[in-house]
1. Check off (1) among the small types (Gly, Ala, Ser); (2) free of Cβ contacts under 8 Å to residues at least 60 places away in the same chain; (3) under 17 Å from residue 109 (Cα atoms); (4) in contact with a Lys or Arg (Cβ under 8 Å, 6 or more places away or on another chain) for residue 149 and give me the number that stays unchecked.
2. For the stretch 207-233, name all the residues that are in a loop (DSSP other than H, G, I, E, B) and either of a type in the set (D, E, K, R) or crowded, with 22+ Cβ neighbours inside 10 Å (or both).
3. If I ask for residues that are among the β-branched types (Val, Ile, Thr), farther than 28 Å from residue 286 by Cβ and within 17 Å of the chain's Cα centre (by Cα), which ones from the stretch 63-115 would you list?
4. Within the bounds of the stretch 267-288, is there any residue that is part of a helix (DSSP H, G or I), more than 17 Å from residue 43 (Cα to Cα) and out of contact with any Lys or Arg (no Cβ under 7 Å at 6 or more places or on another chain)?
5. Quickly run through the stretch 240-266 and pick out the residues that are farther than 21 Å from residue 101 by Cβ, hydrophobic (A, V, I, L, M, F, W, C) and part of a helix (DSSP H, G or I).
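The values are calculated or read from the model by the stated rules, or taken from the named source; none is laboratory data. Keep in mind the model is a prediction, meaning the values are calculated, not measured. Cβ: placed from backbone, ideal geometry, glycine included. Neighbour counts: every protein chain shown.
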Amino acid sequence: MSSDRRKFLKALSLLPLAATARSEPTAQGPGPKLKLSLNVYSFNSLLRDRKIDLFDVLDFCAEHNFDAIDPTGYYFPRYPAVPDDEYIYRFKRKAFLAGLDISGTGVRNDFANPDASRREADVALITEWIEVAAKLGSPNLRIFSGKGSHEGFSRDQVFEWMAKDIRACCEVGKQYGVIVALQNHNDFIKAAADVDRIFEMVDSEWLGLNLDIGSYRQSDPYAEIEKNIEYAVTWQLKENVWIDGAATPTDFVKLFRIIRKSGYRGYLPIETLGAGDPYMKVPALLDRVRNAELETDCVRART
């Protein structure tokens, strides 16, 4: 599949080769542009226990100078039903006044489920939340492939119905100007080759990848990221990647080199997982990410 975004990024990656003089930076094209966001799942326990709400997380993001916030749908009131417009626009207004973009939102779904009626219900859910995303000003809606048991059906069969359902969602996204961002989540979609396959089958410019660096667990995660980065429209940067079956601290300098080489322009949401106080864990991860970004910027400036 060949989308406008991928053509653009590939063209950017070639432009530096054509540059003949450092005095002509415009010959290199605009290059990468990266904006840090927070995936609100980092505050999952506190939000689930209703000790805080989304507006509290907005305050946190503003305090720590994030560029954006990525509030998952199930932290909004009434989920899976959509929140009322008053709540949506109050959240949107506060984010704007805090200087924060809304980089994305997302829902739960399972397109690996053999039950066609359940998948149809998930398409309907995604349709409703695409409209919510549009009202929020979110450029994308994150969805999953699915993890339901498909015993009695081959992976080829699942790919076929999954592609059909995702394509239907993309058609709705096209109507509202919202990209459907499929997350590789170590569920039905496990490896870079799986991502390639579903993107080729769906064949829609309104499908993008929510590139989850912590969910490539079959082989070298950095190599897998390089294979799939052309599809990325948003991310989940996590504390750890998986190498040889073990959680391993992410080498963010290495990751940023890959991202910058690709020419990616857009949001990089970070997400912390597991036990611990997010008011401590998120700033620690943010520092790691910012320091790595600064280091790669410095190296890039010297070369």
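1. Only one criterion in (1) among the small types (Gly, Ala, Ser); (2) free of Cβ contacts under 8 Å to residues at least 60 places away in the same chain; (3) under 17 Å from residue 109 (Cα atoms); (4) in contact with a Lys or Arg (Cβ under 8 Å, 6 or more places away or on another chain) is unmet by residue 149, namely (4).
2. Here is the first cut: in the stretch 207-233, the ones in a loop (DSSP other than H, G, I, E, B) are 216-220.
Answer for the stretch 207-233, where residues must be in a loop (DSSP other than H, G, I, E, B) and either of a type in the set (D, E, K, R) or crowded, with 22+ Cβ neighbours inside 10 Å (or both): 216, 217, 220.
3. none
4. Yes, because at least one residue in the stretch 267-288 is part of a helix (DSSP H, G or I), more than 17 Å from residue 43 (Cα to Cα) and out of contact with any Lys or Arg (no Cβ under 7 Å at 6 or more places or on another chain).
5. The answer is 252, 253, 255, 258.
Conditions tested, residue by residue: (1) on the phi < 0 side of the Ramachandran plot; (2) at pLDDT below 95; (3) of a type in the set (A, V, I, L, M).
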| position | (1), (2), (3) |
| --- | --- |
| 4 | yes, yes, no |
| 7 | yes, yes, no |
| 20 | yes, yes, no |
| 23 | yes, yes, no |
| 34 | yes, no, yes |
| 74 | yes, no, no |
| 80 | yes, no, no |
| 92 | yes, no, no |
| 106 | yes, no, no |
